[in-house]
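Notes follow once the structure below has been shown.
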Amino acid sequence: VLVVHASSVPVWEAGHVTGYDAEWQLCRRAEDDLLAGRPVMLHERARALVAVGLLTPERAAAVVGRYRRAGQLRGLEDPREHHRGYRPFAATLSPPRVTECGQTIELPWGTVTLHYVISTREQTAITVRLTPASRPRDPHRPQAASPMPSEPNLTVTDDRGVRHATEYSPSPGDDHWSGRYVLAAPLPAHTKWITVFDQRIELAAEADDVSVLIEKFDPDVGPAELAERHLNRCLEALSTPSYRYQEAVPLAVDTFVDAGILDGNSEVVKQVAAAAQLLHGESVAPGELSPRWQSVQARRAARDGRLAAQAIGAITPYFDDLRVALLAVRSSPSDLELDFAAAAQPGSESIPLVGDSMFTITATDDRGNEYIGGFTEFNNGAEGMRGLATFNAPVDPHAARLDIRLATDRAQATVRVPLRWEDSS
Amino acid sequence: VTGWDGLAPTELPIRCGQQDHRVVWAGGELIAADHPDADRERALTALGADPFPCLDLLDAWNRHADDLDVLVLANRGAAEVPLRLDGSDSAWAAGSSAAYSSSLVVRPRGGRRRAPRRLMGGSSGASVGPGGQGGGFGWTSYSPLSGSGARAFVGGPPRMVFGPEPGQDGEIERLLRAGSGLPERLVATVIAAWVELIDTFDVRVPDAETELRAALYGRLMAVLQGWANVSAPVDLTLAGPGQVSAVSRADGRIQVALPFSWLRDVWVPGLATVFGRLCLSAESTGDDQWRLQTVGPDLGPARTMTITLD
């Protein structure tokens, strides 16, 4: 893994812009909302103000917290306040060992395709696709295959002969019965091979040939650029199904316009609004979108993705106090899934409510196509975040390389993954 | 207008242990009238005895007597959405989780008497100050008032407390759900405390300026909406000590300059609008006479109005 630190610019710090009292404006809006009997919706505004350095995370969180209590006392809670950006919890994230399997095993009820084995200090999981055997339609004829159990058992034996029970965890909404078998206990680090359904799988020793580029965003670029950056994060977050917060982008835009950072009639604001429409599934004239979002729109309806999987097994250094492990990608005709784990640096400061800048996953291939990842499955807990990011379109089948961007408002890591997959059934 | 003009004495009936007690507010002081030896009772509670709801209320009051969160959470006036009251039969609705709620059971005036109940074991922290010393937090002088009753001094030079102790979340909400007009008097207490801090150029004031301005803005807007259905945006300037209160209209906006003490002198006594005029300031001239500076709905020149009690 090649790691390049692209910038030595100090991490962003909140400052104060003269002429606009952000904390006061936030309070004033909350007071107006309370008086009007409207839900007090400060989160997105506060986060926007923090993103451009007009308010410190601590002050923003204090204001939001106070008025949240005031709203609750009146039954005027922001109904969507829990839809905040997703920042992984703090945890120790160890480098993963990811082994591609590419084996298909025939069983009485169908086939099991073993994609890869992901092993960390905390967990070992085998990513699979289950395919039930086709059954004759004539009910009077003997069945050619056994019915597939609802949760087929899988037992793993390691190189010491120890048997490990597993638990199946299906991927939601997948028509190919994809999922993971998670071992009851992680495999020891020195495990060289395992046996699954009598198939021996040699575990990989090192990560694949990927490079990681860490960039700390320049905090001195001016509020307009910071605002645009934040709006991009807001847009990217809209691809996460549970973050269908229609008001998030307009609220952030309105905050920037109110602060005099963006012109409400500017091209940037119009393009952001058009991109938000696109992400909400509406049709948008390509001319209204920036080139990036035009690319997203162009690939949106594509169904030409390969049916393939590739292990990555890379872990980034810390950027904005985050560390992300990219485990593997799975391609299908209609989308691309990224299996990842992420964690904030233990001991790093986390300001509740608004201080956590959003963490998003996007990608670009070497043919210039843009992909927006939404968190379709994730668990954020004491061991950090573990999840699946599903990109909005399949990867161009002719692409040879994928740059996966992991971004916050303050920094990003780009993991360059050479695509070397071949179709698998 | 200073002190507690416009706020009549009130008392809150409380079921304290097996007895009906009263917590009395008068002239800026909150008194647990039936606890002549409050310090001893606090000590007993600290040693494991059942808490005394009257003293819990008194201590909670003291903890938040200069807590600006009170002004954020409390109602701004009749124009605002009323607070949601938990419970079915009482203006005081004890919460369900925090220590303070564990012991406060209040019988509403004229309402059905409720049996005392313990929601959680003990009242850790609510009636005991930091370090576990009963009454050792905030206004610590509990001395007899007219021969009996524990009291919290709310007037005079306050020894301030700064926000809730850890684990006291929700305590303000419960205080604001108390009946008998106590929430309004708690708001007045906090306002009075901060007027004094401002007047004495306390070092905490600059950091709290936005909160003070917001507290003033919310209450002023509630007044303006009820007064003249103001729809124009309002720009509020927090006037410093000695600066003149003013209101004017310019470029479709209403410019208002008021000191925070407007809340104490005008809003708390209920003088914000008088005879259809907005009151900018009020001062007592003695002899039961008050002189108000007022403006009409046209926001024309201020005119003096005098109120005399015969």
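Brief remarks on what is shown
- Ranked by how many other beta carbons lie within 10 Å on average, peptides A:287-299, A:317-329, A:122-134 from highest: A:317-329, A:122-134, A:287-299
- Averaged over A:29-41, number of beta-carbon atoms from partner chains that fall within 10 Å: 4
- With the highest mean first, a sort of the peptides B:20-32, A:102-114 on other beta-carbon atoms found within 10 angstrom per residue produces B:20-32, A:102-114.
- Ranked for footprinting exposure by Cβ neighbours inside 10 Å, fewest first, B:Asp39, A:Asp304 give A:Asp304, B:Asp39.
- In this structure the amide hydrogen of A:Ile312, modeled in the peptide plane, comes within under 5 Å of the amide hydrogens of A:Ala328, A:Val329, none closer than 5 places in sequence on its chain.
- Distance from the alpha carbon centroid of the stretch B:224-296 to that of the stretch A:359-425 works out to 58 angstrom.
- Annotation: the residues A:His230, A:His280, sorted from fewest to most other C-beta atoms within 10 Å of their own C-beta, follow the order A:His280, A:His230.
- Karplus-derived 3J(HN,Hα) values for the stretch A:64-70, using 6.51 cos²θ - 1.76 cosθ + 1.60 with θ = phi - 60°, are 4, x, 4, 6, 5, 4, 5 Hz; glycine and proline are entered as x.
- Taking every residue in A:178-187 and counting other chain Cβ atoms within 10 Å of its Cβ, the average works out to 0.
- Prolate/oblate/rounded call for the stretch A:270-385, Cα gyration tensor, a/c under 1.5 rounded: oblate
- Shielding score for B:220-226, defined as the mean number of other chain Cβ atoms within 10 Å: 2
- With neighbours defined as other Cβ atoms within 10 Å of a residue's Cβ, the residues A:His43, A:His190 order from fewest to most as A:His190, A:His43.
Only the coordinates and a few stated rules stand behind these numbers; no lab work does. Note that the coordinates shown come from a computational prediction; the quantities given were computed from them, not determined experimentally. We place every Cβ from the backbone using ideal geometry, glycine too, and count neighbours over all the protein chains shown.
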